[in-house]
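Just below is one structure, and these are the notes that go with it.
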Amino acid sequence: MKTAALLLLLGFATPASTAETPPKLLSWSEQVRVREGFLETRHKSLLAMMRKHQLDWWIVVNEEFHDDPLVAAVAPPRPYAGNRDYFVFVDAGEAGLRRIAITGFSEEALTRFFEAPSEPKPADKVLPELYAQYQPKRIGLGISGRRGVMRTLTYDTYQTLSRILGPEATSRFVGVEAFVEDYLDTRLPEENPYYETSVHLTEVLARRALSNEVITPGKTTVGDVRRFLYDALWSAGVRTWFQPDLRVQRQGRPNPTSRGFLAVEPEGTVIEPGDVLHVDFGISYMGWDTDWQRMAYVLRPGEKDAPAGLKQALANTASLQDTLMHGARPGRDSGELYTATMDVMKAKGIEAMIYCHPLGTQGHGLGPSIDFRASQRGETGPHPLRPHSWISIELNSATAVPEWNGQKVFVMEEDPAWLTDEGYKFFRPRQQAFYLIR
């Protein structure tokens, strides 16, 4: 009998084996093909979106060795190596949307999506001609906004555009923060199966990290687990957008905190029996980022499962997840949903924290967040949830565990989900039991 099957039979492993087959990923050329298909659909919505936000032009500029993260969302996801490559979207009135690429090199793929001549003209020739023809009143540029992806234009490129177009046009430059949020937070339903693959792979790697494949209690350090995750990313052919973090809770030891959260554990900490482990991990694939958290318990000698108090702690977090997810609806204000969910938790006597954020093109994406820090950031006004949008259901509950002499244990979970008319739906099943490490 195989080792994994024997462990399961003896009760030392959860049914979800660490030998789970990872999902098959697309080759890079296939990823480009699929993403360009999505781009065709996205471009069809651009004109209406620009008019909604009163933009006559929108200009995205990519600089050599300083890529604008928006480029992969508005142009074919291929390398751009010109000194400056301009992607210009023009509301041409009754003629519709004009899409013009001003690049240093000719690129065949661009001609599917943009006016892109085989002999490119320089920007200081093309842009003044376009301005004289259309006289735009509002020229959208990435020059302002709370988030980095909203303010991507460099100062030197701003100066260059100002010089090329002149002082009258410069006076018509406007920020595009609300427009960019609308564009990036609008997801296509046909993207979901591919994103589910990303989430599935994240799940498989996290399961492996929190298992006896990687962890030998009393020997393995937090740093060993982190290094395994880096190497697993390399082997899978994907990357991550943030450093994998691990947290350790131990009976009788105070929980260190950082910025109001359970602090990340030092790499030198040796994982011991009785520890409660937490991993925060995400991957980048197909131009999207995932964000994923899971909990594990290291069995003490003679134990076959986590103590009942820890199971109740996990159940409390599941109750928090259910309340938030079932209360979400397209168009509902995110702040209202946060308040209503916390009211339910208070009535149930569950100590809860909620800090959900959008997902998609960035791991900390643009769109309405459901987050206790929203008011601290000065976010005011309604933030309606968009249909089909993706979000990280990120939250935790703190529960006094009898087996730990009443010590509080934090169960921190994070699951990517998408919004339907009936509420949020997980891309992968949520955690129903602690991952067990013998």
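The Cα center of the stretch 360-438 and the Cα center of the stretch 160-225 differ in position by 16 Å. Spin-label model, Arg329/Thr170: points 7 Å from Cα along the beta carbon direction are separated by 5.0 nm. Each other residue within a Cβ distance under 14 Å of Gly381 adds +1 if Lys or Arg and -1 if Asp or Glu, for a net charge of -3.
When the inverse distances between all different Cα atoms of the stretch 198-330 are averaged and flipped, the Kirkwood radius reads 16.1 angstrom. By the count of other C-beta atoms within 10 Å, a proxy for reagent exposure, Ser397, Ser319 are ordered fewest to most as Ser319, Ser397. Modelled spin-label separation between Glu422 and Ser144, with each label point placed 7 Å from Cα along the Cα-to-Cβ direction: 4.3 nm.
Counting charges near Ser171 (Lys, Arg +1; Asp, Glu -1) among other residues having Cβ under 15 Å from its Cβ returns a value of +2. The stretch 54-175 has equivalent-ellipsoid semi-axes of 20, 18, 14 Å, by the square roots of 5 times the alpha carbon gyration tensor eigenvalues, sorted largest first. For the stretch 256-342, a Kirkwood radius taken over Cα pairs fed into Stokes-Einstein (10 °C, viscosity 1.306 mPa s) yields D = 97 µm²/s.
Can you pull out the chymotrypsin sites (Phe, Trp or Tyr not before Pro) in the stretch 57-118 that DSSP calls coil and that have at most 11 other Cβ atoms within 10 Å? Write out the running numbers ahead of the final one.
Details: sites: Trp57, Trp58, Phe65, Tyr80, Tyr86, Phe87, Phe89, Phe105, Phe113, Phe114; in loops: Phe65, Tyr80, Phe105, Phe113, Phe114.
In loop regions of the stretch 57-118 (DSSP not H, G, I, E or B), the sparsely surrounded chymotrypsin sites (Phe, Trp or Tyr not before Pro) are Phe65, Phe105.
Neighbours of Ser29, meaning other residues whose beta-carbon lies under 12 angstrom from its beta-carbon, give a summed charge of +1 when Lys and Arg score +1 and Asp and Glu score -1.
Using the structure shown, select from Lys219/Lys304; Lys24/Lys425; Lys44/Lys137; Lys24/Lys408 the pairs with a Cα to Cα distance greater than 32 angstrom.
Cα-Cα > 32 Å for Lys24/Lys408; rest within.
What the Cβ-Cβ distance of Glu36 and Glu64 gives, at R0 = 25 Å and to the nearest 0.05, is a FRET efficiency of 0.65. Taken one residue at a time, the phi angles of the stretch 299-309 give Karplus couplings (6.51, -1.76, 1.60, θ = phi - 60°) of 4, 7, x, x, 7, 10, 7, 6, x, 4, x Hz. Gly and Pro are set to x. Placing R0 at 35 angstrom, the Cβ-Cβ distance between Glu213 and Ala400 gives a FRET efficiency of 0.60 after rounding to 0.05.
Each of (i) 22.6, 84; (ii) 24.6, 80; (iii) 22.7, 66 is a candidate for Rg and Dmax of the Cα atoms in Å; the one calculated from this structure is (ii).
Where a number appears in this text, it was derived from the coordinates with a stated rule and is not lab data. Small disclaimer: the values here were computed from a predicted structure and weren't measured. Using ideal geometry, Cβ is built from the backbone for each residue, glycine included, and neighbour counts are taken over all protein chains shown.
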